[in-house]
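Engineer: So that we are looking at the same thing, I have put the structure below in structure tokens.
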Amino acid sequence: MDPTVSAYYDKRGFFKLSTNLMDKAHIFPALKDFDRAVQLDPQNAVALFHHAQCSGIVISPDAACSEFTKAKSMDPSLEIENFRRRYCDHKEN
């Protein structure tokens, strides 16, 4: 796969995230890959969704909420409502 393509970094980051989800030290390398994926293709809603998952764990729920909301608006077919609710509902209470 071509490392100049957004999907390369999204897939690599997803692999890192999925194999080490419980270890926060491994989330940062995945987050870096998702950063790169979004830089290469700002319209990559899936990469932004994956970035939001990492953001919610290591940055803040507010950052994740914003990213989940943006990803959903970019691609309404994404089934991410459970994730979005987890990070956004705390703001409504």
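Engineer: State whether one or more residues within the stretch 13-21 are closer than 14 Å to ARG84 by Cα and of a type in the set (Ser, Thr, Tyr).
Structural biologist: No, the conditions are met nowhere in the stretch 13-21.
Engineer: Of the residues that make up the stretch 68-76, is at least one in contact with a Ser or Thr (Cβ under 9 Å, 6 or more places away or on another chain) and open to solvent by 60 Å² or more (accessible area, probe 1.4 Å)?
Structural biologist: No, every residue in the stretch 68-76 fails to be in contact with a Ser or Thr (Cβ under 9 Å, 6 or more places away or on another chain) and open to solvent by 60 Å² or more (accessible area, probe 1.4 Å).
Engineer: Take the stretch 11-49 and flag every residue that is open to solvent by 30 Å² or more (accessible area, probe 1.4 Å), touching a residue at least 24 places away in the same chain (Cβ under 8 Å), farther than 15 Å from PHE68 by Cα and hydrophobic (A, V, I, L, M, F, W, C).
Structural biologist: Those that are open to solvent by 30 Å² or more (accessible area, probe 1.4 Å), touching a residue at least 24 places away in the same chain (Cβ under 8 Å), farther than 15 Å from PHE68 by Cα and hydrophobic (A, V, I, L, M, F, W, C): PHE14, PHE28, LEU40.
Engineer: If you don't mind, there's one more thing I want to ask. Since ALA63 meets every condition but one in (1) under 13 Å from the mean Cα position of the chain (by Cα); (2) hydrophobic (A, V, I, L, M, F, W, C); (3) closer than 21 Å to PHE15 by Cβ, which condition does it not meet?
Structural biologist: (3)
The values are calculated or read from the model by the stated rules, or taken from the named source; none is laboratory data. The model shown is predicted, which means the values in this text are computed figures rather than measured ones. Cβ coordinates were reconstructed from backbone atoms using ideal geometry, including for glycine residues, and neighbour counts include every protein chain displayed. The area values use the complete protein model at the heavy-atom level, side chains included, leaving out ligands, DNA and RNA. Shrake-Rupley method; radii C 1.70, N 1.55, O 1.52, S 1.80 Å.
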